[in-house]
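This report refers to the structure that appears directly beneath it.
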Amino acid sequence: RFADVAQAPPDPILGVSEAFRASTNPNKLNLGVGAYRDEDLKPVVLNVVKKAEGNIFSRNENKEYLSIEGLEGFRRATVDLLLGQGHPAIQEGRVAAIQSLSGTGSLRVGAAFIARFLKGATVYISNPTWGNHRNIFGDEGVEWKHYRYFDAATVGLDFKGLTEDLTAAPPGSVVLLHGCAHNPTGVDPTPEQWAAIADLCKERNLLPFFDVAYQGFATGDLDKDAFAPRLFVERGLEILVSQSYSKNLGLYGERVGALVMVVQDKESATRCLSQLKRLARALYSNPPTHGAKIAAEVVNNKELFDEWKVEMRGMAGRIERVRGELQAALEAKCPQKDWSFITRQIGMFSFTGLSPAQVDNMTNKHAVYMTRDGRISLAGLNSAKVEYLADAIVDSVRN
Ligand code: PMP
């Protein structure tokens, strides 16, 4: 019965961590998965998370099921983070939010909603994008196509290509946009370009679906990093948003996130939420409690919220510092090449432009583990390893 089941290929991102763990090279460096590490390259539990957990434990709460749509305080906090407290759309009751299984699960619920209620719609995803986007929509039976995004020549945004591709998309299509800190390129549209994309979505009747996985990681400021979805709502667009607390609160394994829909009126929001609940009921029934309680405790408690912002700036700042150090080391070792893109890119990653063969050299010869698209996670780099990494990159570029 199962003898004919073929072996699935390893995941292009999580497979890198598996290969890293298997390596016995003492110099090995894992720059694959986007998970924050401290200066000793150890995983971090934020202080505010520890404090929130202390508060939660002291209340001695039960382990009953949450409702299908999730924890009320969490849902409110999450929508506030996205739109800003007291936003008119919230007051008008035209926001539907369902707590789901972090960013991935929220995207999947969104994909299921598209499959059921926007039948035949194609989802346009950036080229390149986070590898799992293709799986999430593809497995749900939603057709997806690429729109141009990255210009290798300028190591910047291919705004002309993006505009052409979205202009050619059939009305009613969905456009997946990275809210901030585009993964893997670290290249975001400027505010003017975001405005033009919003206008284009409006003119062409395209539905924007924001993937917000790095709020707070682009600039270190939660509000600034929500600029794009807020702008789209301000311009009168209906939007879908998936939100994740994996990175900004370091809750990776707790699976904390939400799918949010900002729609035209309260009645539509009520109906959409009822359908999101219907979809979630069959997928996983109800979301997990612990992580949602942590996030709600942090966002809804002024003292913890302020402390979180300091810790978040600390994480974003450490990444920015190693970015600068890596660029300086590469400029010193290989001055004939322009390395300035490293500090122009934002977020957790640098898109190095290394080819798959050069990535193989990085891994096989230097034990630097990274995805084959040439992306490195700077969250996994420290000052002590900058020289080693720069030598490996220069050796690989010359090969
Ligand atoms: N979207 C993007 C662009 C991501 O980079 C990630 C995490 N790597 C996610 C969504 C989802 O992560 P999670 O499911 O842990 O929230």
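Read-outs throughout are calculated quantities, based only on the coordinates presented, and are distinct from any laboratory measurement. All values derive from a computational prediction rather than experimental measurement. Using ideal geometry, Cβ is built from the backbone for each residue, glycine included, and neighbour counts are taken over all protein chains shown.
Figures for the structure shown
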item: For VAL123, residues with placed amide H under 5 Å, excluding near neighbours; result: GLU143, TRP144, LYS145, VAL174
item: Hz values of 3J(HN,Hα) by residue in region 217-233 - Karplus curve (6.51, -1.76, 1.60), Gly and Pro given as x; result: 9, 7, 10, x, 10, 4, 5, 4, 6, 9, 3, 5, x, 5, 4, 5, 5
item: For region 90-126 versus region 346-365, the gap between their alpha-carbon centres in whole angstrom; result: 32 Å
item: Region 163-186 and region 206-254: distance between their alpha carbon centers, rounded to Å; result: 15 Å
item: Cα centre as origin, Lys/Arg/Asp/Glu Cβ charges: the chain dipole, Debye; result: 660 debye
item: Of ALA392, VAL33, SER350, farthest towards positive along the dipole that unit charges on Lys, Arg, Asp, Glu beta carbons give the chain; result: VAL33
item: Overall form of the chain per C-alpha gyration tensor (a/c, 1.5; a/b vs b/c); result: prolate
item: Whole-Hz ³J(HN,Hα) from phi, Karplus 6.51 cos²θ - 1.76 cosθ + 1.60, for region 25-42, glycine and proline x; result: 5, x, 8, 4, 9, 9, 10, x, 6, x, 10, 5, 10, 7, 5, 9, 6, 9
item: Helix-derived mean residue ellipticity, 222 nm - over the chain, DSSP H n ≥ 4, -39500 (n - 2.57), to 500; result: -14000 deg cm²/dmol
item: Once the Cα gyration tensor of region 298-399 is diagonalised, semi-axes √(5λ) in Å; result: 31, 14, 11
item: Cleavage-rule hits, chymotrypsin sites (Phe, Trp or Tyr not before Pro), region 55-146, DSSP coil, Cβ neighbours within 10 Å at most 16; result: TYR65
item: Too-long pairs where the Cα-Cα distance tops 18 Å, listed order kept, from LYS28/LYS337; LYS28/LYS247; LYS42/LYS224; LYS224/LYS247; result: LYS28/LYS337; LYS28/LYS247; LYS42/LYS224
